[in-house]
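Report on the following structure.
Only the coordinates and a few stated rules stand behind these numbers; no lab work does. The shown structure was predicted, so the numbers you read here are calculated from the model rather than taken from an experiment. A quick note on method: Cβ atoms are made from the backbone with ideal geometry, for glycine too, and the neighbour counts reach across all protein chains shown.
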Amino acid sequence: MILGRSPLVGKPLFELALARHATVTVCHSRTRDLAAVAREGEVLVAAVGRARLVRGDWIRPGAVVIDVGINRLPSGELAGDVDFEEAQGVASAITPVPGGVGPMTIAMLLQNTVLAATRLAGLDPREFQEQRAR
């Protein structure tokens, strides 16, 4: 279950999961009865960009919750798209915000930046990686 249809997270994640033969449902903030639809997912990925939108009763007991959202509250505090405190008691596993998928996102962004720079310089990315490994 993917909550979010953005070109940065929702759509690519859908394609990746589908390529691995997963049955995928994609919803968004305007999906009718979003809570009921979300409750169906064994794995719930939240990437809608609304702080604490996903409540504990939206989560199927034992589901794995991956919170991709990062929102700054008026207090300055960072919060995910999932209400962590409520979800923690329902989910079998949940990523925290901050500190969950954010560091992986940054690592992949840096990797892609190096790959793009390598290609722009006319180098073969495989040769560059081999040279780095030495």
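In whole Hz, what ³J(HN,Hα) sequence does the range 23-35 give by Karplus (6.51, -1.76, 1.60; θ = phi - 60°), x for Gly and Pro?
Coupling constants for the range 23-35: 8, 10, 10, 10, 10, 8, 4, 9, 5, 5, 6, 3, 4 Hz.
Take Arg119 and Ser6, extend 7 Å from each Cα along the Cα→Cβ direction, and tell me the distance between the two endpoints in nm.
Going from the Arg119 label point to the Ser6 one covers 2.2 nm.
So for the chain: antiparallel DSSP bridges make up what percent, rounded to the nearest 5?
Bridges in the chain that DSSP calls antiparallel: roughly 15 percent.
Provide Val82, Val101 in ascending order of the number of other Cβ atoms located within 10 Å of each residue's Cβ, fewest first. Each step should come with its number before you reach the end.
Values: Val82 33, Val101 21.
The order, fewest Cβ neighbours first, is Val101, Val82.
Amide H to amide H under 5 Å from Val54: which residues, 5+ apart in sequence or cross-chain, H placed 1.01 Å off N in plane?
Correct list: Val82, Asp83.
Counting other beta carbons within 10 Å of each residue's own, what order do Asp83, Asp57 fall into, fewest first?
Asp57, Asp83
Per DSSP H run of n ≥ 4, the term is -39500 (n - 2.57); total these for the chain, divide by its residue number, and report the mean residue ellipticity at 222 nm rounded to 500 deg cm²/dmol. Before the final figure, lay out the partial values.
Working: 5 runs with 48 residues, N = 134.
Value at 222 nm, helices only, nearest 500: -10500 deg cm²/dmol.
Using Cβ counts within 10 Å as a stand-in for footprinting exposure, how do Arg119, Arg5, Arg20 rank, fewest first?
Numbers: Arg119 12, Arg5 18, Arg20 8.
Ascending number of Cβ neighbours within 10 Å: Arg20, Arg119, Arg5.
List the residues, sorted by chain then number, that are 5 or more residues from Thr25 or on another chain and whose placed amide H is less than 5 Å from its amide H.
Sorted by chain and number, the residues that satisfy this are Ile2.
Taking Rg/Rh (Cα atoms, Kirkwood Rh) straight from the coordinates, which label in (i) 1.08; (ii) 0.93; (iii) 1.12 is the correct one?
Answer by label: (i).
Where Lys and Arg each count +1 and Asp and Glu each count -1, what net charge lies around Gly100 among other residues with Cβ under 12 Å from its Cβ? Each step should come with its number before you reach the end.
Values: positive: none; negative: Asp67, Asp81.
Summing Lys and Arg as +1 and Asp and Glu as -1 gives -2.
When the Karplus curve 6.51 cos²θ - 1.76 cosθ + 1.60 is applied with θ = phi - 60°, which whole-Hz ³J(HN,Hα) does each residue of the range 40-52 get, with x for Gly and Pro?
So the J values, rounded to whole Hz, are 7, x, 6, 10, 10, 9, 9, 8, 9, x, 10, 4, 6.
Explain nothing, just compute: Karplus ³J(HN,Hα) = 6.51 cos²θ - 1.76 cosθ + 1.60, θ = phi - 60°, for every residue of the range 2-12 in order, whole Hz, x for Gly and Pro.
10, 9, x, 10, 5, x, 8, 10, x, 5, x
Over the chain, what is the mean sequence separation of C-alpha contacts under 8 Å (at least six apart), divided by residue count, expressed as relative contact order in percent?
On the way: 228 pairs, mean separation 23.9, N = 134.
Taking the mean separation of contacting Cα pairs over the length of the chain, I get 18 percent.
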